[in-house]
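Please treat every number below as a calculation from the coordinates, not as lab data. Because the structure is a prediction, the values reported are computed rather than measured. Glycine gets a Cβ as well: all are built from the backbone with ideal geometry, and neighbour counts include every protein chain shown.
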Amino acid sequence: MIEKAFFTTIEKEARAFLQKLGVEGSVTVEEKEESSVLVSITTPSPKELIGEQGKVLADLEYVLKVFLRKRVPEQRFYVCLDVNNYKKSKEQYIREIARNVADEVALLKKEKEFPPMSPAERRIIHTELGERADIVSESIGEGKTRRVIVKPAL
């Protein structure tokens with residue numbers, strides 16, 4: 001459990017980070033999971049912070065993580081950065097697609113392959129489909145071509 005004072009510090013530093021970027025917006029900070037902090041930014045100009053397919057957002061998340069760890073070195077924590085609920089919406093979309101593909105694989109008994117994805121996106125699919133007994137999901141490929149394949153259970 002992370003102390004309340006820690007969140008206040010993180011929020012203050014995240015606001016300073018946003019200000020250094022020259023972006024207008026509000027910042028909220030909350031505990032996502034144990035030792036994991038969700039920094040949510042709401043801004044009228046999210047495209048600047050998200051970028052194409054969330055690439056700028058991923059880079060900003062890394063920079064914010066480094067920035068915050070230098071400011072709060074006494075505690076180890078993970079940082080998740082979200083802008084205008086982009087990641088939350090994308091996660092819901094990936095979960096929905098995963099369920100639809102799993103239903104199709106179970107019905108037709110024919111495997112389906114997703115396009116290459118980031119480790120976080122693949123993890124969402126595996127987590128979403130992990131409880132199903134009628135299908136199996138696994139990651140195949142290497143590096144940037146790594147992707148998820150969904151197969152009927154044997």
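Enclosing the Cα atoms of the chain in their convex hull gives a volume equal to 126 cubic angstrom per residue. Note on region 4-84: the alpha carbon radius of gyration divided by the globular reference 2.2 N^0.38 Å gives 1.02. With unit charges on the beta carbons (Lys and Arg positive, Asp and Glu negative) and the dipole taken about the Cα centre of the chain, which residue among Val29, Leu60, Tyr93 sits farthest to the positive side? It is Leu60, whose Cα lies furthest towards the positive end. Just tell me, in residue order, which DSSP H segments of the chain are both 27 angstrom or longer along the helix axis (alpha-carbon based) and at least -1.0 in mean Kyte-Doolittle hydropathy. Helices meeting the span and hydropathy rule in the chain are 86-108. Counting only Cβ charges, +1 for Lys and Arg and -1 for Asp and Glu, the dipole size of region 89-152 around its Cα centre is about 160 debye. Going from the fewest other Cβ atoms within 10 Å to the most, the residues Ile94, Ile125, Ile140, Ile149 appear in the order Ile140, Ile149, Ile94, Ile125.
Express the C-alpha Rg of region 99-154 as a ratio against the empirical globular expectation 2.2 N^0.38 Å, rounded to two decimals.
Working: Rg = 10.6 Å, N = 56, 2.2 N^0.38 = 10.2 Å.
Rounded to two decimals, the normalised Rg is 1.05.
Taking every DSSP helix (H) stretch of at least 4 residues in the chain, weighting each as -39,500 (n - 2.57) and dividing the sum by the residue count yields a mean residue ellipticity at 222 nm of -15500 deg cm²/dmol. Charge dipole of region 4-84 (Cα centre as origin; +1 on each Lys and Arg Cβ, -1 on each Asp and Glu Cβ, all else neutral): 320 debye, rounded to the nearest 20. Amide H contacts under 5 Å for Leu81: Val39, restricted to partners 5 or more places along the chain or on a different chain, H placed in the peptide plane at 1.01 Å from N. Just to confirm a number: summing +1 for Lys and Arg and -1 for Asp and Glu over residues other than Gly51 whose beta-carbon lies under 14 angstrom from that of Gly51, what do you get? Around Gly51, the surrounding residues sum to -1. Annotation: amide H-H contacts under 5 Å for Ser36 (H modelled 1.01 Å from N, sequence separation of 5 or more, or interchain): Tyr78.
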